[in-house]
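Please treat every number below as a calculation from the coordinates, not as lab data. Since the model is a prediction, treat every value here as computed from it, not as a measurement. A quick note on method: Cβ atoms are made from the backbone with ideal geometry, for glycine too, and the neighbour counts reach across all protein chains shown.
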Amino acid sequence: MKILNLIFHPDLSGSRVNKTWKQQLDESGKITTSRDMYAEYPDFQIDIEREQRLLREHDRIIFQFPMFWYSVPPLLKKWLDDVLAYDFAYGENGDKLKGKDMQVIVSVGGREKFYSGFDIFASVPDLLRPFQLTANLVQMNYLVPEYMFEADASEVGTIESFGRTLAKKIDDPKRSDPRQYLYNEMTSDVEDSYEELGLK
Ligand SMILES: Cc1cc2nc3c(=O)[nH]c(=O)nc-3n(C[C@H](O)[C@H](O)[C@H](O)COP(=O)(O)O)c2cc1C
C-alpha cells in the first residue's frame, strides 16, 4: 500500500506534536511520501497537476494538521479547493480518487471535555464531517479519524506514545472498512475490560 502523508502546519519546525508524529511515521518506513505542505507552498500557489499526480500514485492519503479555530489551517482549505477539481475528483470523468483511503490525523489543543458533543460542545468527528462528506463525494473510503487532545499541554512521552500507536496502525488494510474497524476496536475494548475485571 502506497501512503501519502500531507502535513499542513504553518511552522512545522516549531511544532511539538505534528513534527514528532511526522518523524515517527517516517521512521516506521510505512509512508511512501511525506510532505511539509507549508514548506512546499509558502506563497500558497499550489501546483495542481503535481498534487493530482501524487494523489493518483498513492492508495491511502493522510491529512495531518493541528486544529485551528475548530477547522483546518488555511493552506489545507485552499489545497482542497484547488486540487479536488471537477473531472478529477468529481463530475462526469471525475473518478480518479475512487477507492482510495482518506485518513485524517489532527492535534487538538483543547481538553476532551470541551469536545464531548453535548449541547454547545461539538465532538472532533462532528467537526471533521466536511472531510467525511468530501470523501463520500469523491468516492474515497473515510477512515476512522485519529486525534489527540491537550496537544500543547501534553508531555513528550504522551505525544510519542500516540505517535507509536499511529505508526503501528497506519498501514492496516482493515482500516479501509471503518465500520468493521470501529466494531473491532470497541469489542476489543470490552474484552480488555473483562480481562481487567478478572471476568475472563
Ligand atoms: C490559530 C490557532 C487556532 C487554534 N484553534 C484551536 C481550536 O479551535 N481548538 C483547539 O482545541 N485548539 C486550537 N488551537 C491549538 C492547536 O490545535 C495546537 O496548538 C496544536 O494542535 C499543537 O500542535 P503542534 O505542536 O504540532 O503545533 C489553535 C492554535 C492556533 C495557533
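Structure above, values below:
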| read-out | value |
| --- | --- |
| Count of the range 109-156 residues which are closer than 26 Å to ASP82 by Cβ and assigned to a loop (DSSP other than H, G, I, E, B) | 6 |
| Single condition LEU182 does not satisfy, out of (1) under 21 Å from ILE3 (Cβ atoms); (2) in contact with a Ser or Thr (Cβ under 6 Å, 6 or more places away or on another chain) | (2) |
| Yes/no for LYS77 being assigned to a loop (DSSP other than H, G, I, E, B) and either surrounded by 15 or more Cβ atoms within 10 Å (Cβ to Cβ) or within 16 Å of the ligand (Cβ to nearest atom) (or both) | no |
| Single unsatisfied condition, LEU128 versus (1) within 14 Å of the ligand (Cβ to nearest atom); (2) in contact (Cβ under 8 Å) with a residue 40 or more places away in the chain | (2) |
| Answer from GLN103, GLN132, GLN139 - the residue that is of a type in the set (S, T, N, Q) and in contact with a Gly (Cβ under 8 Å, 6 or more places away or on another chain) | GLN139 |
| Subset of the range 160-200 that is basic (Lys, Arg) and closer than 24 Å to PRO130 by Cα - its residue that is surrounded by the most Cβ atoms within 10 Å (Cβ to Cβ) | ARG175 |
| Residue count, the range 143-159 (criterion: of a type outside the set (Phe, Trp, Tyr) and surrounded by 17 or more Cβ atoms within 10 Å (Cβ to Cβ)) | 7 |
| Subset of the range 126-142 (residues that are over 23 Å from SER15 (Cβ atoms) and surrounded by 15 or more Cβ atoms within 10 Å (Cβ to Cβ)) | GLN132, THR134, ALA135, VAL138, GLN139, MET140, ASN141, TYR142 |
| Residue list for the range 22-54, filter: in a helix (DSSP H, G or I), surrounded by fewer than 19 Cβ atoms within 10 Å (Cβ to Cβ) and more than 16 Å from the ligand (Cβ to nearest atom) | GLU27, GLU40, ILE48, GLU49, ARG50, GLN52, ARG53, LEU54 |
| Of residues in the range 55-65 being more than 17 Å from PRO125 (Cβ to Cβ) and assigned to a strand (DSSP E or B), the one nearest to the ligand (Cβ to nearest atom) | ILE61 |
| Neighbours by Cβ (under 7 Å, 6+ apart or cross-chain): first from the range 139-162, under 18 Å from VAL104 (Cβ atoms) and of a type in the set (Ser, Thr, Tyr); second in a loop (DSSP other than H, G, I, E, B) and within 10 Å of the ligand (Cβ to nearest atom) | TYR147/VAL108 |
| Filter pass, ASP119 being within 12 Å of the ligand (Cβ to nearest atom) and surrounded by fewer than 16 Cβ atoms within 10 Å (Cβ to Cβ) | no |
| Qualifying positions in the range 4-21 - touching a residue at least 60 places away in the same chain (Cβ under 8 Å) and either away from the ligand (no atom under 14 Å from the Cβ) or within 16 Å of LEU75 (Cα to Cα) (or both) | LEU6, PHE8, HIS9, PRO10, ASN18 |
